[in-house]
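Below: one structure, written as structure tokens.
The values are calculated or read from the model by the stated rules, or taken from the named source; none is laboratory data. Small disclaimer: the values here were computed from a predicted structure and weren't measured. Using ideal geometry, Cβ is built from the backbone for each residue, glycine included, and neighbour counts are taken over all protein chains shown. Surface accessibility is based on the protein's heavy atoms, side chains included, excluding ligands, DNA and RNA. Shrake-Rupley method; radii C 1.70, N 1.55, O 1.52, S 1.80 Å.
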Amino acid sequence: MSGPTFRHDHPGTPAAEWAGSPQWDALPALRLPAGRRRLVVVGAHPDDETLGAGGLIHAAARAGWTVEVVSATAGEASHPGSPTHPTAVLGERRRSELDSAISLLAPDATVRCLDLPDGGVADEVDVLVASLVETIGTDGAEVLLCAPWRYDGHPDHDAVGRAAALAAARTDAQLLEYPVWLWHWGRAEDLPWSQAVRLALDAPMQDAKRAAVGAHVSQVQPLSDQPGDEVMLGADLLAHFEGDGEVFITEPGTVDDDVLDLVHHERPDPWQVDSSYERRKRALTVASLPRETYARALEVGCSVGALALDLAGRSDHLLAVDASPTALDLARERTSSLPHVELRQARVPDQWPEGSFDLVSVSEVGYFLSPRQLDDVVRLATSALAAGGHLLLCHWRHQPVGWPLAGPAVHDAFLATGLDVLVEHQEPDFLLHVLTAPS
């Protein structure tokens with residue numbers, strides 16, 4: 001479905017019409033959430049963060065929070081017909097304006113511009129997700145992530161909103177989304193009022209935000225008096241951001257993180273499971289198992305089924321699960337001749353299989369979980385072990401791009417349970433452990 005059609009220089013919905021909506025005064029109050037001590041605000045272009053969340057940035061800084069601002073692009077395409085500002089010059093100017101605006105809102109904040117192409121963020125979502133995940137890190141439970149509303153109507157805004165939703169899901173950050181262009185093209189029925197909250201801005205917050213908006217000179221004033229250098233953000237548009245409150249969408253919903261399914265769809269063997277490195281690693285993994293045969297085995301994250309094929313030779317019944325339907329189709333081709341292998345689509349930890357198992361394998365999947373999800377998988381996997389059962393762990397040691405965890409952190413989480421260590425093997429590229437539950 002296509003988004004709304006609008007132009008910045010055409011009349012839009014007056015700010016007074018929005019303020020006169022009957023739902024406006026009934027919006028719940030937003031307060032800085034307890035337990036969060038870092039604010040990461042991302043915008044598609046310099047000025048988005050100031051317009052939509054400038055008051056929030058100032059409030060967090062005033063409360064002593066760490067504030068980080070990320071702009072996906074330099075906004076170099078805001079005046080494509082400018083006779084005085086080539087895109088490179090305008091991009092440099094807008095980056096400088098961003099620094100100035102944020103210094104007025106949060107003097108100690110860090111500011112980064114990723115220099116993704118203005119107008120082309122939708123093609124760079126994976127890059128943006130990876131950058132946001134790296135910014136948030138492994139302490140996402142302490143982070144409030146704020147991004148443009150993913151239905152704002154501008155393709156770059158919508159793409160940044162989707163990227164932030166993916167980053168929040170992978171890191172456990174709390175997500176807020178702020179509309180910008182909605183106020184221009186939308187009507188009351190276009191805002192999800194049941195999910196909206198309002199941050200009240202006191203006089204100092206309003207003053208700081210007004211000054212910060214003014215710092216984006218290239219957008220709020222004409223570049224020159226020549227055609228193509230007209231003002232981008234006129235008075236009617238700015239009126240939406242001059243009031244005593246900011247509106248955010250809270251609990252905006254998750255997005256389907258199908259990147260691993262796409263990887264399997266684009267490359268039938270994305271992990272090169274038949275390479276000498278992978279074959280040797282699997283041989284060591286299976287050789288480390290203390291028992292010759294396991295009655296019931298569970299493999300979490302089977303991918304294309306290479307390890308499942310090996311584990312099938314050591315088990316009477318193997319249940320192999322994966323969230324990717326494409327990966328499972330490839331795994332079925334490998335294991336089609338083995339009736340005691342059951343393949344099932346399941347996303348852990350939410351769809352953890354019932355029952356107990358003599359062997360639980362968690363291999364090359366733990367770092368595709370958020371920290372909170374990993375905690376749940378550790379709890380579920382250890383609870384699912386039958387008395388005297390074995391927990392098999394094997395993970396790449398290096399940092400996957402786009403996720404906060406790496407193999408060593410995954411193994412540390414399992415080792416912290418106190419299960420006995422039967423096997424430990426370390427190499428520069430991977431870790432291998434076999435743990436056991438008390439008999």
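Just one residue in the set Val213, Val160, Val180 is part of a loop (DSSP other than H, G, I, E, B), closer than 19 Å to Ser71 by Cα and at pLDDT 95 or above; that residue is Val180. Restricting attention to segment 337-378, the residues being among the hydrophobic types (A, V, I, L, M, F, W, C) and within 28 Å of the chain's Cα centre (by Cα) number 10. Within segment 124-160, restricting attention to residues that are under 29 Å from Arg187 (Cα atoms) and free of Cβ contacts under 8 Å to residues at least 60 places away in the same chain, the residue that is most open to solvent (accessible area, probe 1.4 Å) is Val125. The residues in segment 151-187 that are under 23 Å from Ala15 (Cβ atoms) and among the basic types (Lys, Arg) can be counted, and the count is 1.
Listed here are the residues, each with its yes/no results for (1) open to solvent by less than 20 Å² (accessible area, probe 1.4 Å); (2) in contact with a strand residue (DSSP E or B) (Cβ under 6 Å, 6 or more places away or on another chain).
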residue	(1), (2)
Glu242	no, no
Val259	no, no
Leu262	no, no
Arg280	no, no
Leu284	no, no
Leu311	yes, yes
Asp316	no, yes
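With respect to the conditions (1) assigned to a helix (DSSP H, G or I); (2) out of contact with any Gly (no Cβ under 7 Å at 6 or more places or on another chain); (3) under 19 Å from Asp261 (Cβ atoms); (4) of a type outside the set (A, V, I, L, M), Arg334 lacks only one, and its number is (2). Whenever a residue of segment 231-256 is among the charged types (D, E, K, R), its partners that are open to solvent by 40 Å² or more (accessible area, probe 1.4 Å), lying with C-beta atoms within less than 6 angstrom and at least six residues away or across chains, give the pairs Glu251/Gln195. Checking Arg334 against (1) open to solvent by 10 Å² or more (accessible area, probe 1.4 Å); (2) under 23 Å from the mean Cα position of the chain (by Cα); (3) touching a residue at least 24 places away in the same chain (Cβ under 8 Å), only one condition comes out false. Which one? All conditions are met except number (2). Under the condition of being assigned to a helix (DSSP H, G or I) and among the hydroxyl-bearing types (Ser, Thr, Tyr), which residue from segment 339-386 is least open to solvent (accessible area, probe 1.4 Å)? Filtering segment 339-386 for residues that are assigned to a helix (DSSP H, G or I) and among the hydroxyl-bearing types (Ser, Thr, Tyr), the one least open to solvent (accessible area, probe 1.4 Å) comes out as Tyr367. Check whether at least one residue in segment 42-64 is part of a strand (DSSP E or B), crowded, with 24+ Cβ neighbours inside 10 Å and of a type in the set (A, V, I, L, M, F, W, C), and report yes or no. Checking segment 42-64: at least one residue is part of a strand (DSSP E or B), crowded, with 24+ Cβ neighbours inside 10 Å and of a type in the set (A, V, I, L, M, F, W, C). Remark: pairs (first residue in segment 188-216, under 18 Å from Asp152 (Cβ atoms); second residue open to solvent by 60 Å² or more (accessible area, probe 1.4 Å); Cβ separation under 6 Å; 6+ apart in sequence or on different chains) = Trp193/Gln23; Gln195/Glu251; Val197/Pro28.
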